[in-house]
Structure formats: C-alpha cells, structure tokens
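Participant: For reference, the structure I am asking about is given below.
The values are calculated or read from the model by the stated rules, or taken from the named source; none is laboratory data. Quick caveat: nothing in here was measured; it's all calculated off a predicted structure. Note: ideal-geometry Cβ built from the backbone for every residue, glycine included; neighbour counts use all protein chains shown.
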Amino acid sequence: MNQTLIRGRILTFLRWPDSRADRDAYRYEEDGGLLIADGKIVAAGPYAAIAAKAGEGVETIDHRPNLVLPGFVDCHVHMPQMQVIASYGTELLDWLNTYTFPEESKFRNAQHGRRIARLFLDEMLRQGTTTVVAYCSVHKESAEAFFAESHDRDMLNIAGKVMMDRNAPEAVLDTPQSGYDDSKALIAEWHGRGRQHYAITPRFAITSTPEQMEMAGALMREHPDLHMQTHLSENHAEIAFTQELYPWSRDYTEIYEHYGLLGRKSLFGHCIHLSEREVDTLSDSGSVAVFCPTSNLFLGSGLFDYQRYRRREKPLRIAVATDVGGGTNYSMLRTMDEGYKVIALNGEKLNPLAAFWQITRGNAEALSLADRIGTLEPGTDADIAVLDSRATPVMRLRMETVESLAEELFLLQTLGDDRAIREVYVAGKPAKSVISSADV
Ligand code: GUN
Ligand code: ZN
C-alpha cells in the first residue's frame, strides 16, 4: 500500500461553531499527522501517534508551521465564464445578454471547451478548491471537456450542461428534447465514473420554456440521486420578468416547486429577495440556498441575509460559492472576506471558525457529501489544502500580533488569497505544485 504521512497544524470541523470560543466544534492538532493511503485518509491525530501507525519507509511531507485543512468546496461557479469575469457596468439581465451569452457561444467549439476546462480546474486547485459545483455551457461538448479534465485529475466534482431553450441567442439554445437527450447521455457516460457527479442544470426559469422545465422535472424523477442546480431570486428585474413568463405562479420559488425541482440535492444560486413563504418552502423541502457574495455585490444584486436564513425556526440549508464570472474571485478566502462584509451590512457578524466550517464541512454537508469530502475524518477522501498565514509581508507583520487560531483564520480570510495556498492534495496526490503557470 502506497502511504503518505503529512505533518502540520491540522484543523477539521465537527459541526457549526457557535462562537470564536466554541472549542468543541473542531479538532485541532498543533503537531498533527495525517496518514493517507490509496487516496483516502487512514488516520489523523497527534503526529507521534500517527507516525507510529505508518508503515516502514512511509513518505513524510512536513508542512509545519502551515495549517492543514480539508480542501475548499465551491458550490456554484460557471466554467465558461473565465473570459467574462471583470466585465464592466451592467446588472444581471444586461450582463447575461451583453457578455455572458456571446462568450458561452464559443463553447460550441470542443477545442475551446477543453482549453478552458483545463485552465479552470488549474485555477481552482491553485486557490485551494478541490471540489466545485459547475455550470458548463449549453453545448454537450463543454460538459464532456469538463468531466474528462476532472476525471484525469481524479477530482470529486459536480457539473452539468445548462439547459436553456428561450430568451437567449440561437447559438446558446437547445430544445426540450435535445436538452433532455444530451443530459441523459452525459449522465450515462459520466455520473458515478470515478469521482464525477452529474447535476441536472436548467439555467433559470427565464431561459427555459415550460416544456423544458417539465423535461428537467422528468430527469429528476428518473435520477433522484442526482443534484439539481439553477438560479433563483437574484435581481429585481429578473424576478419581474420571471413573473411575466409564469403568470400563474405566486412567486419565483413556486415555479421550481411546480416542476418538481425542489429537494435535498437541489442548489439554488443567490436566493436574495425571497419572501417568507419562499424561504419556508425551500427549507421544508431541504433545498439549499447558495450565497455568492462577490457576485451579488459586483452585479449590484443585493445582500443575502445569511444569519436570518440560518437562525429562523426552520433554518434554510446554506452553501457558499464564488459564482465566477458574475463573481469576481476564484478564491474561497476572498469570497468569505466579502461574505463577512455582506453579513456586516445586514447588522450581523460571521465568526471566522464558522466561515472556515462553511467553505469545508458546511459546503460538503450542503451537497450531502460530508462522508467523502470537507473534513479530515478517517475514511474520507484525501482532498487537502495547506495554508500559509505568513504568505505576504502584510500577513507576516499582522501575524506578529495574532494570539489565537480564530484570529489567524480571520487574518487568512481577510488578507489571504492564492498566495496563502502552499499546496493542495487531490485524492492524496500533490496538485498545486505540479501546475505550470506558463501553460496558458
Ligand atoms: N442567472 C442565470 N444565469 C446566470 C449566470 O450565468 N450568472 C448569474 N450570476 N446569474 C445567472
Ligand atoms: Zn450562477
């Protein structure tokens, strides 16, 4: 058996941390060891005890004094928008029409899709993100490219081709039947192959006809174990247009409800302007609201009320995500920095332990995948991020006055980015240090 022993300051979460002092919410070993074999974590604990369990001649990698955490999880991101990020001056619907749909039309070319899929997953790993839930373009080839690249790297990723059959240029439209057939073919080819998961992906109610929404519901019934991802209640003009297109519905959420798209594996991007009825319906069904702070700020969409959703009597399940290219950064550290500010504007705070829980175990729980990713528990997959809290001069200086783990995490979140990611392991293998930055 091929074993690796990682040494470092090991941190993994057990549950939601109520405060910065909530010591029972996590496990932390100042001199910790992680024993890895065949892509899985075999044992975790004090270094001396774990080293004693390791076989003769085990390869040991010493990451001290850096932190060793589970790899980050990004629950909503658009692979074909790498050349949309940083597009000036519009709100959602104009942004889609002006920049996004024309860009996504390029993915009809399979070669373009393969190049961007490679650069996309390179970038995610550079940022410490080991699992993404990704939208591909409408073209089957873009999802093929994504999954081929993801499978080659042995990453656990979730993705789907978007289904969209109206209110967009012809070059990015499918039909109810072709959307269904292409999704079926991709599910047959990729779902469950290695670590790949397929997500049924109707883009949003505006770009699908009722007929296509029916087809998406049929796919859900035929594949109840699959994830579903879409957008919900992001922007006022979007909500008004949606209401015009589905005049019978009481609200936006009822449309997805009507077509059978709610459930524990359903991920709804944005969820900013929901009524209490909508939040109740989403939480009753176990659906997940995905908070995309940098995107919500960049497109001027609004302030996601994280603490209101979490604290209500029937809490809403929440995930966090970059939403690149509406989002402005690939880093989950930068994302939580902006998330903290959005929550502050709602008059609340998010403690740094909770922020790191969210981008690891919290997001894994939102995907119903915490038995595989998001922690460093023995038996789970060895997807790991190594963080350097002294990665820049400014961080090094500020670290001189840091006195607790919570303070250090807050510094990482507030000042950190890809430079703070020293190494990443995917299924136990180094994955950041092997990327060539010249390879664009
Ligand atoms: N709503 C429908 N499509 C999109 C998209 O690509 N990005 C964002 N932010 N919202 C959307
Ligand atoms: Zn999105």
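Participant: Please name all residue pairs, on different chains or six or more residues apart, with Cβ atoms under 7 Å, provided the first residue is in the range 339-368 and is free of Cβ contacts under 8 Å to residues at least 40 places away in the same chain and the second residue is assigned to a helix (DSSP H, G or I) and among the polar types (S, T, N, Q).
Facilitator: Ile343/Gln307
Participant: Consider Glu91 carefully, then state whether it is acidic (Asp, Glu), crowded, with 19+ Cβ neighbours inside 10 Å and more than 25 Å from Ser433 (Cα to Cα). Lay out the reasoning, then the answer.
Facilitator: Details: acidic (Asp, Glu): yes; crowded, with 19+ Cβ neighbours inside 10 Å: no; more than 25 Å from Ser433 (Cα to Cα): yes.
In short, no.
Participant: Could I ask something else about it? Considering the range 204-227 alone, what residues qualify as being under 20 Å from Val172 (Cα atoms), touching a strand residue (DSSP E or B) at 6+ places or on another chain (Cβ under 7 Å) and either of a type outside the set (A, V, I, L, M, F, W, C) or within 15 Å of ligand 2 (Cβ to nearest atom) (or both)?
Facilitator: Hits for the range 204-227 are Phe204, Ser208, Gln212.
Participant: Step by step: first the residues of the range 301-333, then only those that are away from ligand 1 (no atom under 16 Å from the Cβ) and among the polar types (S, T, N, Q), then the one that is surrounded by the most Cβ atoms within 10 Å (Cβ to Cβ). Which residue is that?
Facilitator: Looking only at the range 301-333, we keep the residues that are away from ligand 1 (no atom under 16 Å from the Cβ), and these are 305-318, 331-333.
Narrowing the set further to residues that are among the polar types (S, T, N, Q) leaves 307, 331.
Values: Gln307: 15, Ser331: 25.
The residue in question is Ser331.
Participant: How many residues are touching a Gly at 6+ places or on another chain (Cβ under 8 Å) and either modelled with pLDDT under 95 or within 14 Å of Leu11 (Cβ to Cβ) (or both) when one looks only at the range 363-378?
Facilitator: Count: 1.
Participant: To continue, here is another question. Take the conditions aliphatic (A, V, I, L, M) and buried (at least 20 other Cβ atoms within 10 Å of the Cβ) and apply them to Val386. Does it pass?
Facilitator: Values: aliphatic (A, V, I, L, M): yes; buried (at least 20 other Cβ atoms within 10 Å of the Cβ): yes.
So Val386 passes the test.
Participant: Can you list the helices (runs of 4 or more DSSP H) found entirely within the range 336-440 that contain at least 1 residues being within 15 Å of Val73 (Cα to Cα) and of a type in the set (D, E, K, R)? Don't jump to the end; show me each part of the working.
Facilitator: Values: elements: 352-357, 363-366, 393-399, 405-415.
Result: 363-366.
Participant: Got at least one residue in the range 302-309 being within 12 Å of ligand 2 (Cβ to nearest atom), within 28 Å of Gly89 (Cα to Cα) and in contact (Cβ under 8 Å) with a residue 12 or more places away in the chain? Break it down stepwise before answering.
Facilitator: Quick first cut of the range 302-309, residues within 12 Å of ligand 2 (Cβ to nearest atom) only: none.
Within the range 302-309 (the criterion being within 12 Å of ligand 2 (Cβ to nearest atom), within 28 Å of Gly89 (Cα to Cα) and in contact (Cβ under 8 Å) with a residue 12 or more places away in the chain), the answer is no, since none of the residues qualifies.
Participant: Moving on to the next point. Residues Glu211, Glu238: which one is in a helix (DSSP H, G or I) and away from ligand 1 (no atom under 16 Å from the Cβ)? Walk me through it before giving the result.
Facilitator: Details: Glu238 fails: away from ligand 1 (no atom under 16 Å from the Cβ).
Being in a helix (DSSP H, G or I) and away from ligand 1 (no atom under 16 Å from the Cβ) holds for just one of Glu211, Glu238, which is Glu211.
Participant: Okay, moving on. Give me the pairs, please: first residue somewhere in the range 256-274 and touching a residue at least 60 places away in the same chain (Cβ under 8 Å), second residue anywhere and within 16 Å of ligand 2 (Cβ to nearest atom) and part of a helix (DSSP H, G or I), beta-carbon distance under 9 Å, and either six or more positions apart or on two chains.
Facilitator: Once the first residue is touching a residue at least 60 places away in the same chain (Cβ under 8 Å) and sits in the range 256-274, its partners that are within 16 Å of ligand 2 (Cβ to nearest atom) and part of a helix (DSSP H, G or I) give Leu267/Ala366; Gly269/Ser295.
Participant: Which of the numbered conditions does Thr100 fail, given that it passes all the others? Conditions: (1) outside any helix (DSSP H, G or I); (2) within 16 Å of ligand 1 (Cβ to nearest atom); (3) β-branched (Val, Ile, Thr); (4) buried (at least 16 other Cβ atoms within 10 Å of the Cβ).
Facilitator: Unmet for Thr100, out of (1) outside any helix (DSSP H, G or I); (2) within 16 Å of ligand 1 (Cβ to nearest atom); (3) β-branched (Val, Ile, Thr); (4) buried (at least 16 other Cβ atoms within 10 Å of the Cβ): (1).
Participant: Restricting to strands (runs of 3 or more DSSP E) lying wholly in the range 1-80: which have 3 or more residues that are surrounded by fewer than 19 Cβ atoms within 10 Å (Cβ to Cβ) and at pLDDT below 95?
Facilitator: none
Participant: Could you tell me whether any residue of the range 283-291 is within 27 Å of Leu411 (Cα to Cα), out of contact with any strand residue (DSSP E or B) (no Cβ under 9 Å at 6 or more places or on another chain), among the acidic types (Asp, Glu) and surrounded by fewer than 24 Cβ atoms within 10 Å (Cβ to Cβ)?
Facilitator: First, the residues of the range 283-291 that are within 27 Å of Leu411 (Cα to Cα): 289-291.
Keeping just the survivors that are out of contact with any strand residue (DSSP E or B) (no Cβ under 9 Å at 6 or more places or on another chain) gives none.
Looking for residues that are within 27 Å of Leu411 (Cα to Cα), out of contact with any strand residue (DSSP E or B) (no Cβ under 9 Å at 6 or more places or on another chain), among the acidic types (Asp, Glu) and surrounded by fewer than 24 Cβ atoms within 10 Å (Cβ to Cβ), one finds none in the range 283-291, hence no.
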